[in-house]
Structures are given as structure tokens and as C-alpha cells.
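First up is the structure itself, then whatever we jot down about it.
Read the figures in this text as sums done on the coordinates, not as results from a lab. Small disclaimer: the values here were computed from a predicted structure and weren't measured. Here the Cβ positions follow ideal geometry from the backbone for every residue, glycine too, while neighbour counts run over all protein chains shown.
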């Protein structure tokens, strides 16, 4: 349908149309001062808008960085306190078996793992021997590393007599969950020939030691028991004995060094130690 023709009565007067047409094409002069004010106002608005955007972007990046740091810190705490820090820290310490993160492998790392297995709290990072299973074999692997001492000169004893040196520990009322110590002969003409366990059921089995110390003069002995606290000793006990052979009638002296012990929860405790030659009956 075609558009109807406009009604002549609806048209503007010709003089008014001409005046409007001329005013639309006429340039209106603006002073330089007003022009500069308009430009300045535009710059102020743009600066405020984009400035706020930059600050918002900085806040977002800062929040993201805090989240990353929080996650990293949480991972460290989890590893140290819950297992694979116990192991995660081990990785930072540079040795996979250093579960407690003290910079060295000791019997207390094995104790950490044994308690974790007992409580069902383990992780793949605790698979020390890389057999895809975290079990007693990993505990043993750490314990063996803890007492490694290396080869040492073999003493030659002519016409030797055999003696037994008993080692006693007193946890002074605290539960004894684990211990480690260095024991050595400080006089010549004597050598280690065997090591046995103690009297208390918790430490009746022979402690961990490096077999290469046999016929040497020093040894690291260590043991732990992850049983319930009520099953652990709290008074003086014989934790083991060292068998030596020495020149007949010779006076032998012994020394205990680097003694450390822990309670049932793995917290370090102070203990008294004593090394006594057993009298022949």
C-alpha cells in the first residue's frame, strides 16, 4: 500500500523551514577556554575510570597470590603433620626417608611411618622402596638407613675372652616409644661380636644395627615400638646388650653418645642411659 501524500496544512511555513535549514548548517563558535575545560573534564573522567580498573586488577592479582601461598603453606603443614610430610618435608630436606624433616634419617622417621601405617594414615610419597605399597618393608628400609655406619677397621684379638655389656635406659616416668644411640669402645684390644635385645616385651627383639659393625669398635643401635602407650615401659629397663671379645684381664671402657628418645606420640623426651659390663656368675 502506497504512503499517502502529506496534508499541505501539516507543512511548516516556508520562511521557518529556511531558517531552520540555515541554523543546522551554521557553525557555532566555541571559545578556546571552554574547549580546554571540556577536554580537561573528559581526561578526568577517563583517568578515574581506568585508574579504578587498574587498582581492581591489582587487587585481583594480589588475592590470587595469597591463595597460591595459602595452598602452598597448607601443603607443607599437611605433609609435616599428617604423613607425606611427615614426608613432604622429607622431600624438602633432600632425602625421601627423612619423614620428620630434621635433615637426617633416623629411627624416628621409621617410627613416624610405623604409626602412620597403624593409624591408616599413609600416602604414596611414603613408598620408600618404590614397590607401589606402603608397608612394613618401607619401615624397615628407613630403620636400616638410620643405623648405617659404614665399614670400620677389624680388630684382631689374640686369646680373647668374651664379655657382655648391658645398656639401660630410664625414661623417667614417660612412655618410651623409640630410641637411638651411638655406642663405642674407647679402649684398645676389644671388638663387637654380637648384639641382642632387651628384657621388656616392647624391646625384646634385637635393636636395629648395621651388620658391618661386627668386629668393629662402634655401633648405632636403635629401636621403636608403635604399640599403645600402656604397653610401653616408663621405668629403667635393659634395652639391649652388646657382646664383645677383648684381651683377657684387659680393662674395657665404653661410651654412649648422641642419645635420643621419643614417647608414644613421637615427641622427644629426656632419658638417662647407662652402659654396664655384666658380671660373670
Residues of the range 95-117 with amide N under 19 Å of the 7 Å Cα→Cβ point at residue 205: 106-117
Ascending count of other beta-carbon atoms within 10 Å, so fewest first, for 33, 245: 33, 245
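Hey, fewest Cβ within 10 Å first, where do 126, 61 land in order?
Lowest to highest Cβ neighbour count: 61, 126.
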Extent along principal axes [Cα atoms of the range 154-281; Å; largest to smallest]: 47, 31, 21
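Can you bin the range 98-190 into rounded, prolate or oblate? Criterion: square roots of the alpha carbon gyration tensor eigenvalues sorted a ≥ b ≥ c, rounded for a/c under 1.5, prolate for a/b above b/c, oblate for the rest.
Values: a/c = 2.97, a/b = 1.82, b/c = 1.63.
The shape class here is prolate.
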Taking the range 161-277 and dividing mean pair separation by its residue count, relative contact order in percent (alpha carbons under 8 Å, at least six apart): 47
Cα gyration tensor shape of the range 143-191, rounded if a/c is under 1.5, else prolate or oblate by comparing a/b with b/c: oblate
Potential extension, residue 59-residue 236 segment - 0.36 nm per residue separation minus Cα distance: 57.6 nm
